[in-house]
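Below is one structure; the comments refer to it alone.
The values are calculated or read from the model by the stated rules, or taken from the named source; none is laboratory data. Since this is a predicted model, take the numbers as computed values, not measurements. When we count neighbours, we look across all protein chains shown, and the Cβ atoms used for this are built from the backbone with ideal geometry, even at glycine. Each accessible area value is taken on the protein alone, full model and side chains, heavy atoms only, with ligands, DNA and RNA left out. Shrake-Rupley method; radii C 1.70, N 1.55, O 1.52, S 1.80 Å.
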Amino acid sequence: ILLLVGADAARRVRGVAAPDATDAAVVHAPELAAGSDAAVVGIRFATVVVVVEGAALMTTELAIARLVAPFFGTSQAVWAVIIATVMGSIALGSRIGGRLADRLPTVTGLSVVLVLAAVAVALLPVVAPPVMRPASGGIDEVHVGVVIASFLATMALLVVPITLLGAVPPWLLRLAVPGVGRTGRTAGRLYASSTAGALAGTFGSTLWLVPELGTRRTMLLAAAALALLAAVGLHRAAREPGWVRLAPAAALVLVVVLAILPTGLVKPLGDGRHVLEERESRYQFVQAVEEEDGRRILQLNEGWAVHSLWERGAVLTHNYWDHFAVVPSLTRERARDMLVIGDAGGTTRRLVGRIRPDLRIDAVELDPDVTAVGRRWFDLRGHVVASDGRPFLARTDRHWDAMMIDAYRQPYIPFYLTTREFFETAKRRLRPGGVVSINVGSAPGDRRIDDAIAATMRDVFPTVVRYRAEPYNDVIVAVDDPGVSISQLRRRIDRGVAGLAPVDGVDEGDLDDLFGRFSDRMRAVRPDHDRVLTDDRAPVEWMTDRMIFGAAGD
């Protein structure tokens, strides 16, 4: 059609008469001519339908990402599979929808597709969790085959609603074109409107609906909108069998029933553990859990790691958080202030604040919902800046003596917090002789990510040491002090432990042992330019995925 119109325009410019483009198209495309004398549906109704279809499609895509996050995380690999599944399903739906529209160019057929899409979207958040649940647990508890099979089965469930939604635009185009000569204009309007709906669904679900209603009720709202459109479509159609007209009502009843039913826990726990609170933030799935012994832990997304720990009457956790209490003592002069990036429930800050009451500690946490859970269940106190760590460092003009980085979107460190450019920014925010430390999680038999981050820090700082704090955690510390030796750093640790304040409930010998182990076991990091991570190339997620699947497969 476009070629014919262009050829006709070219001939008219030259002053040469040409047959009407529409007539030519009708001659060569009789299958279009049959319905070209009048549109089956008005353009306004068609526009409303594609706007809602676009919004429902993007809401479903983003919602499935939220559904899988508690079980599989939100890595680039997970997103890549989700996006590929959605794009493939749209292509399949467009192909099927276009063929069916030519065979059944009626509003009834379109309405039936909308009803089926509404039912599929409504059932997806109910059916998917049982499929994903076998993959829940630590990397030492779930075999890699179970994780992959569960994830692929979830993607197979996603194909159904997206394929049905993908069939709507070509079907509507077949019904809304009043004549072949207006095909391009009508198609452009419908595709633009569908994209506008997709934008509304993207921002509306991410910034408002999911935080306010939750993932399941957001999807039910999208399903209800589709069912209502189907009802309007059938009302505009000719007389149809009663069961067809009742289909949208049945879909709406299903949506209402699912909305009324209690949502229950996303990830119920056994073994004597009790879920204190679950919530879905704009960024992740957050869960506060009380264990049998009364300790409280903070889990995010798939929950393969604990992000904060609290125990009544205790300050030491006997886990990796304790080792960061040593970091301020590595500064050239006695540290006056410290910045924590990735505060979570404030576990490290609580210990350091007790043993170093003279140290001012500032905190940055990306997710305000994590901070709220920390205040409610983990005795989190003080002011917390709600911000991403790297942009915060880039825009602040403040300086600190010590900096601690423990930011994870489980199980990944955000890659932009591991690169040379990030550590250069952090160095500019240090006072002379200051230190930057980072927690790096890794399996005992796979230290590639630790080695890469250590090499990157050593590329920026004159002195870097690493210490295997726990079986799955390295503490890597960069010291902005040229020429300082390991023996000098050990003397600083001795000076630091001597200046600690006594704390009720904390045995002095435990602190001496904590500082002593750090001093004895830390090792200097040598330059390794081949491993340096940059903003252009930092395959942190790839290294983490290899590590996790390797550990799960052993």
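Numerical summary
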{"quantity": "Label-point separation, residue 379 to residue 295 (7 Å along Cα→Cβ), nm", "calculated": "1.5 nm"}
{"quantity": "For residue 317, distant residues with modelled amide H under 5 Å away", "calculated": "322"}
{"quantity": "Largest to smallest accessible area among 416, 283, 467 [probe 1.4 Å]", "calculated": "283, 416, 467"}
{"quantity": "For residue 71, solvent-accessible area (1.4 Å; no DNA, RNA or ligand), Å²", "calculated": "0 Å²"}
{"quantity": "Contour excess over end-to-end distance, with Cα ends at residue 318 and residue 399 and 0.36 nm allotted per residue", "calculated": "26.1 nm"}
{"quantity": "Paramagnetic reach from residue 185 (point 7 Å along Cα→Cβ, amide N under 18 Å) across the stretch 46-86", "calculated": "46-48"}
{"quantity": "Accessible-area ranking of 289, 506, largest first, probe 1.4 Å", "calculated": "506, 289"}
{"quantity": "Residues residue 360 and residue 446, FRET efficiency given R0 of 41 Å [Cβ-Cβ distance, rounded to 0.05]", "calculated": "0.65"}
{"quantity": "Prolate/oblate/rounded call for the stretch 287-373, Cα gyration tensor, a/c under 1.5 rounded", "calculated": "prolate"}
{"quantity": "Positive minus negative residues near residue 506 (Lys, Arg vs Asp, Glu; Cβ under 15 Å)", "calculated": "-4"}
{"quantity": "Net charge of neighbours whose Cβ lies under 13 Å from the Cβ of residue 376, counting Lys and Arg as +1 and Asp and Glu as -1", "calculated": "-1"}
{"quantity": "With all protein chains modelled, accessible area of residue 541 [1.4 Å, Å²]", "calculated": "50 Å²"}
{"quantity": "Distant-in-sequence amide H partners of residue 276 (H built 1.01 Å from N, under 5 Å)", "calculated": "288, 289, 290"}
{"quantity": "Residue-normalised accessible area of the stretch 170-219, given per residue in Å² at a 1.4 Å probe", "calculated": "46 Å²"}
{"quantity": "FRET efficiency, residue 192 to residue 152 (Cβ-Cβ, R0 51 Å, nearest 0.05)", "calculated": "0.90"}
{"quantity": "Paramagnetic reach from residue 513 (point 7 Å along Cα→Cβ, amide N under 12 Å) across the stretch 319-355", "calculated": "319"}
{"quantity": "Segment residue 501-residue 250, length gained on full extension (0.36 nm per residue, minus Cα span)", "calculated": "83.6 nm"}
